[in-house]
Amino acid sequence: MMSTPKPQSTPKPQVAEREKQRSFNLHVNDKYYALAFLGPSLLVLGVFVFYPMLRTLYLSLFLTNNVGRPTVFVGLKNYVNLLTSSAYQASLQATAVYVIGVVVCTLVIGLLLAQMAVRKLAGIQWFRTIFSATMGVSVSVAAIFWLFIFSPSVGLFDQIGKLLHLPLVQWLTTPGPAMVAVIISTVWMNLGFTFLILFGALQMVPQPLYEASAIEGASPRYQFFHVTLPMISPTLFFTSTVTLIGAFKSFGLIDLMTAGGPNNATNLMVYQVYRDAFLNGNYGLASAESVILAVIIALFTLLQFKFLEKRVTY
């Protein structure tokens, strides 16, 4: 005879209540664990990121004394004075020229070097190492190196100019050449990172795409613009965004090579903040300049995401 299964007994109310309470306690403990793990990070971000941001915004609305304490509330007067100042407008123009030159040259040269290095040639490993070597060079060493290169007496460029009977160029004491000099130096500093990122992206492009396009009779130029660029477009978008933000924040080479000169030709927005805050003691004006710079960087980044991301092929 087959035994009939016993009906399952429903849990008693007390047992169900204890299970519910145990589950609730587990969720509460999870919250404590999350707070314990996130707490140090939130504390560091609050002290070193969020508080300085709010403090900078607060100081931009005041006149300050020499130690940075607010004295008189002036509202948006600091912003109005900056945007109507011819010196600050010149700094905006210099920053625009510098950023455009650095971003365009870094991406174009980095992509060309990566395209060369991805080929399977004898000894190409040495060139890959040389192209990426600038990542291990500090800003101070790079500034000394380029100061020697641009020296009017023993500099490499002027020595080549003498051999070619070209006029002597005062690279760091003339406004136009000084801007070219700092752009060249910054591009050289950024090339190592850009080259490595783009080189890795080029290695990930599937070879059958090139083989199929070659069978169809596509030229190398056509393959580059219609196969290579679409396939590495996410990486190009990433490197362009990082390079743009980094160019707006460039300070070290400017300070060591030209100190914003000559005649404020290389006085970028970041260097103007440094001058007003730490040399002139005008922390209220420097805070307003910092806020304007942050807004400009945010706007350019949003524009990149809005217009360039549409051309990215994922």
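The values are calculated or read from the model by the stated rules, or taken from the named source; none is laboratory data. No experiment lies behind these values; they were computed from the predicted model shown. Glycine gets a Cβ as well: all are built from the backbone with ideal geometry, and neighbour counts include every protein chain shown.
Here are some notes:
Here's the yes/no breakdown for (1) more than 19 Å from Gly192 (Cβ to Cβ); (2) surrounded by fewer than 18 Cβ atoms within 10 Å (Cβ to Cβ):
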{"residue": "Ser60", "(1), (2)": "yes, no"}
{"residue": "Gly68", "(1), (2)": "yes, yes"}
{"residue": "Val72", "(1), (2)": "yes, yes"}
{"residue": "Leu76", "(1), (2)": "yes, yes"}
{"residue": "Ala87", "(1), (2)": "yes, yes"}
{"residue": "Gln93", "(1), (2)": "yes, yes"}
{"residue": "Leu113", "(1), (2)": "no, no"}
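- Hey, Ser60 farther than 30 Å from Asn81 by Cβ and either of a type outside the set (A, V, I, L, M) or at pLDDT below 55 (or both) or not: no
- Within the stretch 43-75, the set of residues being outside any strand (DSSP E or B) and of a type in the set (Val, Ile, Thr) comprises Val44, Val47, Val49, Thr56, Val67, Val74.
- First in the stretch 294-311 and within 16 Å of Ala96 (Cα to Cα), second anywhere and part of a helix (DSSP H, G or I) and polar (S, T, N, Q), Cβ under 8 Å, 6 or more apart: Thr301/Thr241; Gln304/Ser240; Gln304/Thr241
- Pairs where the first residue, in the stretch 117-144, is in the same structural domain as Gln203 (by TED's automatic domain parsing) and the second is of a type in the set (Ser, Thr, Tyr) and part of a helix (DSSP H, G or I), C-beta under 7 Å, 6+ apart: Ala142/Ser185
- Thr186 meets all of the listed conditions (1) over 13 Å from Pro262 (Cβ atoms); (2) among the β-branched types (Val, Ile, Thr); (3) out of contact with any Phe, Trp or Tyr (no Cβ under 9 Å at 6 or more places or on another chain); (4) touching a residue at least 60 places away in the same chain (Cβ under 8 Å) but one, namely (3).
- Residue in the stretch 236-244 that is assigned by TED's automatic domain parsing to the domain that holds Thr106, of a type in the set (A, V, I, L, M) and at pLDDT below 90 present: no
- All of Leu113, Leu198, Leu168 fail the test of being assigned by TED's automatic domain parsing to the domain that holds Pro262 and over 23 Å from Met231 (Cα atoms), apart from Leu168.
- Positions within the stretch 209-220 being in a loop (DSSP other than H, G, I, E, B) and of a type in the set (A, V, I, L, M), in sequence order: Ala218
- Residue count, the stretch 221-261 (criterion: part of a loop (DSSP other than H, G, I, E, B) and buried (at least 16 other Cβ atoms within 10 Å of the Cβ)): 4
- Any hit, the stretch 304-312, residues being out of contact with any strand residue (DSSP E or B) (no Cβ under 6 Å at 6 or more places or on another chain) and under 17 Å from Tyr88 (Cα atoms): no
- Within the stretch 68-83, tally of residues that are within 14 Å of Gly281 (Cα to Cα) and touching a residue at least 24 places away in the same chain (Cβ under 8 Å): 2
- Answer residue from the stretch 262-304, given it is among the aromatic types (Phe, Trp, Tyr) and either more than 21 Å from the chain's Cα centre (by Cα) or over 24 Å from Phe237 (Cα atoms) (or both) and is surrounded by the fewest Cβ atoms within 10 Å (Cβ to Cβ) among those: Phe278
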